[in-house]
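Let me begin by presenting the structure, written as structure tokens, before commenting on it.
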Amino acid sequence: MEGCSYRSIFLKKKQYELSTKAMKLVLKDSITLPESAEVESKSAKGDIAYVNEFNIYIEKNHQSKKITTDGSINIVYGKSVHREEFGIDKGLFWSPQGIKLAFYRMDQSMVNAYPIVDFSATPAKEKIIKYPMAGGVSHQVTVGVYDLSSEKIVYLKTGLPADQYLTNIAWSPDEKSVFIAVLNREQNHMKLNQYDASSGDFVKTLFEEKDDKYTEPLHPMEFIPGNNNQFVWQSRRDGFYHLFLYDLSGKLIKQLTKGEWEVSDFTGFDAKGSKAYFQATGNMGIDRDYYSVTLSTGALTKISSGSGVHACVASDDKKYFIDTYSNVTTPSIIQVVDGNGKVMNTLLKAENPLANYSSATTRLFNIKGEGDNLLWCRMLLPANFDSTKKYQVIVYVYGGPHAQMITNSWLGGADMWFHYLTQEGYIVFTLDNRGSGWRGKAFEQATFRNLGEKEMADQLSGVNHIRKFPYVDGNRLGVNGWSYGGFMTTSLMTRNPGIFKVGVAGGPVIDWSFYEIMYTERYMDTPESNPAGYKLNNLLNYVDQLNGRLMLIHGTSDDVVVWQHSMMYLKKSISSGVQVDYMVYPGHLHNVLGKDRVHLNEKITRYFNDYLK
């Protein structure tokens, strides 16, 4: 495609260039990073910054220079911070021309040390991580700027309190300023601040955002090409994620997008800086469409066509787009479209890969929940479905913020393992409750300070709905979920006993006061300020209400929902004389991956076969 060029890629610590024209990798040079290097980032000038053993190095002209020296488990440089919340996924930020490097410095010396046990060694070894739990002491983050010419570091004067969150770092196009969305620990007040990159001095606050529940900056400012004074900001301030055009004085020029839908992915501008491009939700959140918006007028142009989930990749000049999309019945169509959405060429129209198999039928529909909220549902019916028979139902649940289980994509977004369960004779049902993603701020914030309450009510609305189907055996319902879904599964089994006969809860949150600060305090506030909410949703308080078979599963090295959650549940069940089943996966983190995933799926399937059928 016209305008496509070379992309830098690191593969096995060596630098390659990917020619998108020739579609092949070419070894750029002989730069080889240390095997222990964890993070790499390449500047516009070709210099490479990387993190090795908690410190930052810069590779320039085949010479490596260590620019920080006191890195350790307590002082971490150049990595993502704040537990990768707030859209943070890296810790190195090159200036546009590569003359300076901004980076995170995280001091977690004051954070509780938490032991992870490595059972692969003899005797077993202890690995210490730093895990800040809700209401406890948080780490302290600062932002440094390294000047490659002077070889000096200055730290931005971001001020107090030290446990505030420094999010969404961006450089000004002239490389003189660094911008940070500074969020208070309560997460209800954000300031977009400008700092001098040479002195570290605070310059000004461009604007502030406040919310009576929480505000959550997730994206850095995006400067318009050729205009150093204007940028696009993404915010949910009007109730939905939208684009806002600002100047550097902090003046709002205009709101570019508006409506009861959300910008789900901002993808950039055209070369002239006259249009911005983005993906957005449609069809009550389950579709994804692709648009451009003219900055001067706010006029929208829909580039994608056809109901489904679209992902577009633009040529550098934004004249053409490769549009890949699917829907429930369409596996994949890849086509080239122009900026007005005209289809120029169809590159692929995939055949149904399941055509020669007896596969499930996927149905998407919505129901009314509490307060007339419309809730999306997905139901997988077994091959050779017979509406005169009775089927057991397995409810797969997640239910937490930022997640969406149901989309108008191939097979409705369902995992192939769900289809395997239908071959075992089950109907598999999923519902996206209030609190889940891409339905607007009010829909998500409905769960504030009471995680589990509204979610359970919505899941039960779904259960009550499908129980009316004559082919559903309402006395043999199972429920399964992982992480937040493990919390939901355990909640549904014990706080609404008798509805579900069998549950399998993987990596479950049991007590929110034992979960990380950033996530938990956003949705629950602190245990000190919301004791009633923490008590109400502490699943240790409901162990004795279990009525049915429940199996908990946990990875022994889980550093997200630490193993202590399910171990506490086991201890309480033993002291209460309540029988639960338990399975651990030695050495696995928060999820069970690799070949052991097959074992996990078989384990869960057998459990349902043994106790639900």
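Figures for the structure shown
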{"quantity": "Some residue of the stretch 194-216 being aliphatic (A, V, I, L, M), surrounded by 15 or more Cβ atoms within 10 Å (Cβ to Cβ) and within 24 Å of the chain's Cα centre (by Cα)", "calculated": "no"}
{"quantity": "Residue under evaluation Gly503, criteria (1) part of a helix (DSSP H, G or I); (2) touching a strand residue (DSSP E or B) at 6+ places or on another chain (Cβ under 6 Å); (3) small (Gly, Ala, Ser), criterion not met", "calculated": "(1)"}
{"quantity": "Test result for His189, surrounded by 16 or more Cβ atoms within 10 Å (Cβ to Cβ), within 24 Å of Phe103 (Cα to Cα) and not β-branched (Val, Ile, Thr)", "calculated": "yes"}
{"quantity": "Selection status of Tyr569, out of contact with any Phe, Trp or Tyr (no Cβ under 6 Å at 6 or more places or on another chain), assigned to a helix (DSSP H, G or I), in contact (Cβ under 8 Å) with a residue 40 or more places away in the chain and farther than 24 Å from Tyr420 by Cβ", "calculated": "yes"}
{"quantity": "Condition met for Val76 (touching a helix residue (DSSP H, G or I) at 6+ places or on another chain (Cβ under 9 Å), closer than 28 Å to Leu183 by Cβ and surrounded by 19 or more Cβ atoms within 10 Å (Cβ to Cβ))", "calculated": "no"}
{"quantity": "Residue match in the stretch 350-369 (condition: under 23 Å from the mean Cα position of the chain (by Cα), modelled with pLDDT of 95 or more and either surrounded by fewer than 20 Cβ atoms within 10 Å (Cβ to Cβ) or of a type in the set (A, V, I, L, M, F, W, C) (or both))", "calculated": "no"}
{"quantity": "Candidate set: the stretch 507-532, residues that are assigned to a loop (DSSP other than H, G, I, E, B) and among the charged types (D, E, K, R); chosen: the one farthest from His139 (Cα to Cα)", "calculated": "Asp511"}
{"quantity": "Total residues in the stretch 245-255, condition touching a Lys or Arg at 6+ places or on another chain (Cβ under 8 Å) and surrounded by 19 or more Cβ atoms within 10 Å (Cβ to Cβ)", "calculated": "1"}
{"quantity": "Residue that is surrounded by the most Cβ atoms within 10 Å (Cβ to Cβ), among those in the stretch 314-343 that are of a type in the set (Val, Ile, Thr) and outside any loop (DSSP other than H, G, I, E, B)", "calculated": "Val337"}
{"quantity": "Members of the stretch 57-74 that are touching a strand residue (DSSP E or B) at 6+ places or on another chain (Cβ under 6 Å) and part of a strand (DSSP E or B)", "calculated": "Tyr57, Ile58, Glu59, Ser64, Lys65, Lys66"}
{"quantity": "Positions within the stretch 286-301 being outside any strand (DSSP E or B), free of Cβ contacts under 8 Å to residues at least 60 places away in the same chain and on the phi < 0 side of the Ramachandran plot, in sequence order", "calculated": "Ser296, Thr297, Ala299"}
{"quantity": "In the stretch 256-275, residue nearest to the chain's Cα centre (by Cα) [restricted to those that are over 18 Å from Arg236 (Cα atoms) and either hydrophobic (A, V, I, L, M, F, W, C) or surrounded by 21 or more Cβ atoms within 10 Å (Cβ to Cβ) (or both)]", "calculated": "Phe269"}
{"quantity": "Those residues of the stretch 108-165 which are hydrophobic (A, V, I, L, M, F, W, C), assigned to a loop (DSSP other than H, G, I, E, B) and more than 29 Å from the chain's Cα centre (by Cα), in sequence order", "calculated": "Phe119, Ala121, Ala124, Leu148"}
{"quantity": "Pick from the stretch 232-246, criterion assigned to a strand (DSSP E or B) and without any contact (Cβ under 8 Å) to a residue 24 or more places away in the chain, ranking: nearest to Gly273 (Cα to Cα)", "calculated": "Phe244"}
{"quantity": "Failed condition for Ser199, given (1) of a type in the set (Gly, Ala, Ser); (2) farther than 30 Å from Glu528 by Cβ; (3) not in a loop (DSSP other than H, G, I, E, B)", "calculated": "(3)"}
{"quantity": "Tally of residues being without any contact (Cβ under 8 Å) to a residue 60 or more places away in the chain, surrounded by fewer than 24 Cβ atoms within 10 Å (Cβ to Cβ) and in a loop (DSSP other than H, G, I, E, B) across the stretch 415-436", "calculated": "1"}
{"quantity": "Number of positions in the stretch 380-411 that are part of a strand (DSSP E or B), buried (at least 22 other Cβ atoms within 10 Å of the Cβ) and either modelled with pLDDT under 95 or among the aliphatic types (A, V, I, L, M) (or both)", "calculated": "4"}
{"quantity": "Selection count, the stretch 447-471, where residues are part of a helix (DSSP H, G or I) and touching a residue at least 40 places away in the same chain (Cβ under 8 Å)", "calculated": "12"}
{"quantity": "Residue in the stretch 257-271 that is farther than 27 Å from Glu84 by Cα and modelled with pLDDT under 95 present", "calculated": "yes"}
{"quantity": "Residue among Gly306, Gly298 that is surrounded by fewer than 16 Cβ atoms within 10 Å (Cβ to Cβ) and either under 23 Å from Gly440 (Cβ atoms) or in contact with a helix residue (DSSP H, G or I) (Cβ under 6 Å, 6 or more places away or on another chain) (or both)", "calculated": "Gly298"}
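One line per residue, one yes/no per condition, for (1) under 26 Å from Glu186 (Cβ atoms); (2) touching a Ser or Thr at 6+ places or on another chain (Cβ under 9 Å):
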site: Met106; (1), (2): yes, yes
site: Met110; (1), (2): yes, yes
site: Pro123; (1), (2): no, no
site: Glu126; (1), (2): no, no
site: Val137; (1), (2): yes, no
site: Ser150; (1), (2): no, no
site: Tyr155; (1), (2): yes, yes
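The values are calculated or read from the model by the stated rules, or taken from the named source; none is laboratory data. It should be emphasised that the depicted structure is a prediction, and the values quoted were computed from it without experimental measurement. Note: ideal-geometry Cβ built from the backbone for every residue, glycine included; neighbour counts use all protein chains shown.
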